[in-house]
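Okay, so here's the structure we're looking at.
The values are calculated or read from the model by the stated rules, or taken from the named source; none is laboratory data. On a predicted model such as this, the values are computed, not experimentally measured, just so you know. All Cβ positions, glycine included, derive from the backbone under ideal geometry; neighbour counts span all protein chains shown. Accessible surface areas use protein heavy atoms only, side chains included; no ligands, DNA or RNA. Shrake-Rupley method; radii C 1.70, N 1.55, O 1.52, S 1.80 Å.
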Amino acid sequence: MIRSFQTFLSASAVAALFAAGGATAAQFKTDQGHTEVNFGWSHAGVSMQSAEFSVADGTLDLDPENPGDAKLNVTIKADSVNTGFGPLDDHLKSNDFLEVQTYPEITFTSTSVEVTGEKTANVTGDLTIHGTTKPVTLVTELTHVGPHPLGGVVDYYKGEWIAFTAQTEIDHMAFGVGGFSTGPISISIVTEMKAVE
């Protein structure tokens, strides 16, 4: 997730977010109920399969005066992998793949941001899976910034929010996951993040 957490970095988005409150800095946290970390792979070239990690927690620290210095940290529970088929979940958690008892967490820590448009950015960071850390770049797009549309009817949604999507691909063999290559693993992330009061 881990992803896109900095697409908001365009000047217009930052200005819109902080114009009303005059805040100098803020931290945002993922809304677990509206954060999805999905991944897909080719099953021997016969079909494309997909799954998700259902537990992902992230924080985004943003200073509107220095948006390029924003920091994103995401932690995913490896044993939350869910394919919809129990035996496959157990296999992915086993020593053949993720070894979740030895490596219980997958993490992403941003290292740089390249703004590519008003609502898009490439967010590069260190991704750690199975005890191995590699740089990855998330292609991100801002989908919302400011008050949540549900804030007027549900108290939980009051306050400032950021939402974005992100995509990337990784080579699972580079992280020591699996005994043979299935080809690239596509990763797609959707998240809503709420400002911490």
Of the candidates 116, 132, 165, the one satisfying the condition of being within 20 Å of residue 38 (Cβ to Cβ) and not aliphatic (A, V, I, L, M) is 165
Take the conditions open to solvent by 30 Å² or more (accessible area, probe 1.4 Å) and either modelled with pLDDT under 95 or among the β-branched types (Val, Ile, Thr) (or both) and apply them to residue 191. Does it pass?
no
By residue number, the members of the stretch 41-85 that are in contact with a Ser or Thr (Cβ under 7 Å, 6 or more places away or on another chain) and polar (S, T, N, Q) are 42, 54, 73, 75, 80, 82
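Find the residue count for the stretch 107-141, including only residues that are of a type in the set (A, V, I, L, M, F, W, C) and under 13 Å from residue 189 (Cβ atoms).
Count: 6.
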Flagged pairs (Cβ under 7 angstrom, 6 or more apart or on separate chains; first in the stretch 175-194, over 13 Å from residue 42 (Cβ atoms); second among the basic types (Lys, Arg) and surrounded by fewer than 17 Cβ atoms within 10 Å (Cβ to Cβ)) are 175/134; 193/29; 194/29
Check the stretch 69-80 and report whether any residue there is surrounded by 14 or more Cβ atoms within 10 Å (Cβ to Cβ), more than 20 Å from residue 170 (Cα to Cα) and touching a residue at least 12 places away in the same chain (Cβ under 8 Å).
yes
Determine if the stretch 45-66 includes at least one residue that is on the phi > 0 side of the Ramachandran plot, in a loop (DSSP other than H, G, I, E, B), modelled with pLDDT under 95 and out of contact with any Lys or Arg (no Cβ under 6 Å at 6 or more places or on another chain).
yes
Could you list all residues from the stretch 36-82 that are of a type in the set (Val, Ile, Thr) and under 13 Å from residue 108 (Cβ atoms)?
37, 59, 74, 75, 76
